[in-house]
Amino acid sequence: MQNLRILRRRIRSVQNTQKITQAMQMVAGAKLRRVQGELIDFRPYAERLKGITERFLKAHPGLKHPLLGEGVTLSFPPSVVAEGRLQRESRGESDPRFREDENDIRGMKAPTGLVVLSSDTGLCGTYNERLLSAAERFLRENPSTQVIAIGKKGSRALARRGIGRVKEILDWGGRYESSRVNSLFQWLKELYLDGTVSSWWIAYTQFLSALRFKPVVERLLPAERPPLEEAGRIPERQIVEPNLEEAAEQLVARFLGAEFRRILLEAFTSEHSARMIAMKNATDNASEMIRHLTLVRNKVRQAAITKELIEVVSGAEALK
């Protein structure tokens, strides 16, 4: 039988661990409610903007725009390529890994870009493992992909697998900040416009409910065009002011920015949900372990008392 003192020490240790996991569950739940509220408030806007954009594009099937494409790759005129490069150089952003000759950019297929949205901290179950599995499947199909890692866990896992990263963001901590999100989206858009990458894909975890989420890989840039109208059907007529080009520029840019913000909110909400579930399971497991150890302790104590009584009775019988 185990020593009674060791059992008491183990019970106290598990109780202390249970207090920690219970506190982390409450913190994750509070963060989940806050981010989930932002996601629920933002989804109607994103869905409405998506519907307006699809109607606009269906009404103008021949519209040409650098952020729209039929497939994964697009060819850009020299003015668009130069504009994107000048915007980056004006802010002092010169990355030698992205430095290419302009003729090579127009004449060769640029690599695909992938943004991996993982968590900065652990204790969230299989959240990161499932996400990285989806990202690895994509990377196997596109071996020359340029990877951007958001989150310490994803960045370290990619490094262990020998996958290079052209950029890392390791300090978001599951917090949604509009200014940082907008800045990152502008950077991604400029890399696409100057021909550095042929398309941007995002590996993230889609939030379905507080208990359900799934990893997905979606294309952000270029934007997907809606399916064409049926043959013989006349497209919807729209009056556009001040002109078609300016309306398309504003609408498509707003739609893509909203999609990027929605994706980040989905990922952060899923992260907090996964951590809350993992900490709840850990708390429940600790309760079960405490119950089992308490039962073992009671049996050991009862055996010790029985042994002492037998010794007392045996001693009394020996004195007769």
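Where a number appears in this text, it was derived from the coordinates with a stated rule and is not lab data. All values reported here derive from a predicted model rather than from experimental measurement. Every residue, glycine among them, receives a Cβ derived from its backbone with ideal geometry; neighbour counts consider all protein chains shown.
Local charge sum around His272 (other residues, Cβ-Cβ under 10 Å, Lys/Arg +1, Asp/Glu -1)? All intermediate terms of the calculation are to be shown ahead of the outcome.
On the way: positive: Lys31, Arg33, Arg34, Arg275; negative: Glu271.
For residues surrounding His272, the net value is +3.
When the chain is fully extended, how far beyond the present Cα-Cα distance does Asn281 get from Glu177, taking 0.36 nm per residue of separation? Spell out each step's value before the answer.
Details: separation 104, 0.36 × 104 = 37.44 nm, distance 2.99 nm.
Value of the extension gain: 34.5 nm.
Net charge near Ala286, counting Lys/Arg +1 and Asp/Glu -1 over other residues with Cβ under 13 Å of its Cβ?
Numbers: positive: Arg10, Arg12, Lys19, Lys280, Arg291; negative: Asp284, Glu288.
In short, +3.
Suppose each label sits 7 Å from its Cα in the direction of the beta carbon; what would the Arg160-Tyr45 distance come out to in nanometres?
For the pair Arg160/Tyr45, the computed spacing is 3.8 nm.
Taking square-rooted eigenvalues a ≥ b ≥ c of the alpha carbon gyration tensor, is the stretch 149-188 rounded, prolate or oblate, where a/c under 1.5 means rounded and, failing that, a/b exceeding b/c means prolate?
Working: a/c = 4.52, a/b = 1.73, b/c = 2.62.
It is oblate, given that a/c is not under 1.5 and a/b is not larger than b/c.
To the nearest 0.05, what FRET efficiency results for Ser13 and Arg301 with a Förster distance of 30 Å applied to their C-beta separation?
Efficiency, rounded to the nearest 0.05: 0.95.
If you count, for each residue, the other Cβ atoms within 10 Å and average over each peptide, how do 12-22, 305-315 line up from highest to lowest?
Values: 12-22: 14.6, 305-315: 9.9.
Descending packing order for the listed peptides: 12-22, 305-315.
Please give the peptides 250-259, 201-210 ranked by average Cβ packing (other Cβ atoms within 10 Å per residue), highest first, as a rough proxy for protection.
The packing order, highest mean first, is 201-210, 250-259.
Can you compute the FRET efficiency between Ile310 and Ile6 using 1/(1 + (r/R0)^6), with r the Cβ-Cβ distance and R0 = 30 Å? Round to the nearest 0.05. Please report the intermediate quantities before stating the final value.
Working: r = 23 Å, r/R0 = 0.78.
Calculated value: 0.80.
Which order do peptides 58-66, 149-157 fall in by mean Cβ count within 10 Å, highest first? Could the numbers behind the result be given before it?
Working: 58-66: 14.0, 149-157: 22.0.
Result, highest mean Cβ count within 10 Å first: 149-157, 58-66.
Beyond 23 Å between alpha-carbons counts as too far, so tell me which of Lys153/Lys189; Lys19/Lys153; Lys152/Lys214 fall in that bin. Please report the intermediate quantities before stating the final value.
Numbers: Lys153/Lys189 25 Å; Lys19/Lys153 25 Å; Lys152/Lys214 20 Å.
With Cα atoms farther than 23 Å apart: Lys153/Lys189; Lys19/Lys153.
For the pair Arg34 and Lys214, how long in nm is the line joining their label points, each one 7 Å along Cα→Cβ?
Distance between the two pseudo-spin positions: 3.0 nm.
So between Arg130 and Gln250, what do we pick up on full extension, going 0.36 nm a residue minus the alpha carbon distance?
39.6 nm is the gain from fully extending Arg130 to Gln250.
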